[in-house]
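Here the structure comes first, spelled out in structure tokens, and everything after it is commentary.
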Amino acid sequence: MIRFGLCCVFHEAPIRFRTATAKYVLKLRSLNQDPLHYLSQIILDNLQALEQAISYCGEHHIGAFRINSQFMPLYTHPEVKYQLKDFGEAEIIYQKFERCRELAKMLGIRLTLHPDQFVILNSPNERVVKASMEELEYHGLLAELIGADVINIHAGGVYGDKSAALDRLMQQIPKLSKRVRQRLTLENDDKSFTPEDLLPVCRAVGIPLVYDIHHHRCLPDQFTIDEASQLCYQTWNREPLFHISSPREGWSGKKLTSHHDYIDIHDFPLFWLSLDPLTIEIEAKAKEVAIARLMKELNLIY
DNA sequence: AGCGGTCAAGTTGAT
DNA sequence: ATCAACTTGACCGCT
């Protein structure tokens, strides 16, 4: 069984997640107003949106949903930081998390997380590494609360010495909590680290590799797409996860890295359909509309 | 209601 | 030197 995953937001369906800025929260505090109430209201709204998102996926044959890192906004911000138990509405929030977890389980919707570009485990700057570890621990908590089995990150920067950079990455991973390590995955990127670079790291540390075919096309290595797909697939101890996208201006355009509204069917390797099981997250700006079109073009009848 | 300025964080490469 | 890109616009406040 192949399933497609939607990333973070909806294009047409009226389901929206909220965020907050540190500036505004700090302003509330300076005005002696209660920022916790503001933040808990955002989280409650996000929980309602998540429930809607999971239901939508269930109704539209979308098998996975990636949750935005800002689900609990500013959780790790040095000047904001809060804990759920600080909220007056804490019990309701925990109940709604459980409700989302159960709904996703009942509908068979896989939930994933993708911490953003500021999580750099291999930075030479130890403050960056420390902040990254804290951010990952927040994702571990969030993953447990919603029942996500993937926390997917990139390998970080190169800093002029790729193998030293990968060594530093391998040093940091064992320091993470179990609930993060059990979910942590690496992904090949479009500028620095190929599947060839990361496969040995993943094997050594015992974490899976998310294969991003678009990144691999932007930054190829010795492996063909078929070979990389197979090798990445084999790193998984649970249902494998791949990414796909198409370049905004086509493969003859000058910027290959920005995403198109839809997936060009020619960019989709048909042999992926024989990989079972598999989750494919669709990175296309038209979001759920792009998934519907892709499924139709692939003639997948559910 | 609509719109504009603004928003935590790191690294890379295009301009 | 500056800035866009990266998983992604959404936030408040002014008119």
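The values are calculated or read from the model by the stated rules, or taken from the named source; none is laboratory data. What you see is a predicted model; the values in this text were computed from it and never measured. Every residue, glycine as well, gets a Cβ built from its backbone with ideal geometry; the counts of neighbours run over all protein chains shown.
Things worth noting here:
- Pairs meeting the criteria (first residue in segment A:130-157 and more than 25 Å from A:HIS215 (Cα to Cα), second residue in a helix (DSSP H, G or I) and β-branched (Val, Ile, Thr), beta carbons under 6 Å, at least 6 apart or on different chains) are A:GLY140/A:VAL180.
- Scanning segment A:18-70 for residues that are touching a Lys or Arg at 6+ places or on another chain (Cβ under 8 Å), closer than 15 Å to A:ALA104 by Cβ, without any contact (Cβ under 8 Å) to a residue 60 or more places away in the chain and among the aliphatic types (A, V, I, L, M) yields A:LEU47, A:ALA49.
- If you go through segment A:42-64 and keep only what is in contact with an Asp or Glu (Cβ under 8 Å, 6 or more places away or on another chain) and more than 21 Å from A:GLU281 (Cα to Cα), you end up with just A:LEU44.
- One residue stands out among those in segment A:1-42 that are touching a strand residue (DSSP E or B) at 6+ places or on another chain (Cβ under 6 Å) and more than 15 Å from DNA strand B (Cβ to nearest atom): the one that is farthest from A:HIS77 (Cα to Cα), which is A:ILE2.
- Every condition in (1) within 16 Å of DNA strand B (Cβ to nearest atom); (2) touching a residue at least 60 places away in the same chain (Cβ under 8 Å) is met by A:ILE291 except one, and the failing one is (1).
- So A:HIS243, is it on the phi < 0 side of the Ramachandran plot, more than 16 Å from DNA strand C (Cβ to nearest atom), free of Cβ contacts under 8 Å to residues at least 60 places away in the same chain and not in a loop (DSSP other than H, G, I, E, B): no
Residue-by-condition table, conditions (1) more than 16 Å from DNA strand C (Cβ to nearest atom); (2) surrounded by fewer than 17 Cβ atoms within 10 Å (Cβ to Cβ); (3) more than 21 Å from the chain's Cα centre (by Cα); (4) modelled with pLDDT of 90 or more:
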{"site": "A:GLY250", "(1), (2), (3), (4)": "no, yes, yes, no"}
{"site": "A:THR257", "(1), (2), (3), (4)": "no, yes, no, no"}
{"site": "A:ASP264", "(1), (2), (3), (4)": "no, yes, yes, yes"}
{"site": "A:LEU273", "(1), (2), (3), (4)": "yes, yes, yes, yes"}
{"site": "A:PRO277", "(1), (2), (3), (4)": "yes, yes, no, yes"}
{"site": "A:ILE282", "(1), (2), (3), (4)": "no, no, no, yes"}
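- Of everything listed in (1) more than 12 Å from DNA strand B (Cβ to nearest atom); (2) over 15 Å from the mean Cα position of the chain (by Cα); (3) surrounded by fewer than 16 Cβ atoms within 10 Å (Cβ to Cβ), the single unmet condition for A:GLU144 is (2).
- Test: residue in segment A:222-233 that is over 23 Å from A:LEU273 (Cα atoms) and either among the charged types (D, E, K, R) or without any contact (Cβ under 8 Å) to a residue 40 or more places away in the chain (or both): yes
- So A:ASP226, is it touching a helix residue (DSSP H, G or I) at 6+ places or on another chain (Cβ under 7 Å) and either part of a loop (DSSP other than H, G, I, E, B) or under 15 Å from A:HIS154 (Cβ atoms) (or both): no
- Qualifying residue in segment A:51-68 (condition: within 30 Å of A:TRP272 (Cα to Cα) and within 15 Å of DNA strand B (Cβ to nearest atom)): yes
- Residue-level analysis places A:VAL119 among those that are free of Cβ contacts under 8 Å to residues at least 40 places away in the same chain and surrounded by 15 or more Cβ atoms within 10 Å (Cβ to Cβ).
- With respect to (1) under 23 Å from the mean Cα position of the chain (by Cα); (2) assigned to a helix (DSSP H, G or I), the lone exception for A:GLN41 is condition (1).
- Here A:HIS77, A:HIS11 are screened, and the one residue that is away from DNA strand C (no atom under 12 Å from the Cβ), within 22 Å of the chain's Cα centre (by Cα) and either over 18 Å from A:GLY147 (Cα atoms) or part of a helix (DSSP H, G or I) (or both) is A:HIS77.
- Only one entry in A:VAL129, A:VAL158 is assigned to a helix (DSSP H, G or I), away from DNA strand C (no atom under 13 Å from the Cβ) and either surrounded by 22 or more Cβ atoms within 10 Å (Cβ to Cβ) or modelled with pLDDT under 95 (or both), namely A:VAL129.
- The criterion of being surrounded by 18 or more Cβ atoms within 10 Å (Cβ to Cβ), part of a helix (DSSP H, G or I) and of a type in the set (Gly, Ala, Ser) does not hold for A:ALA20.
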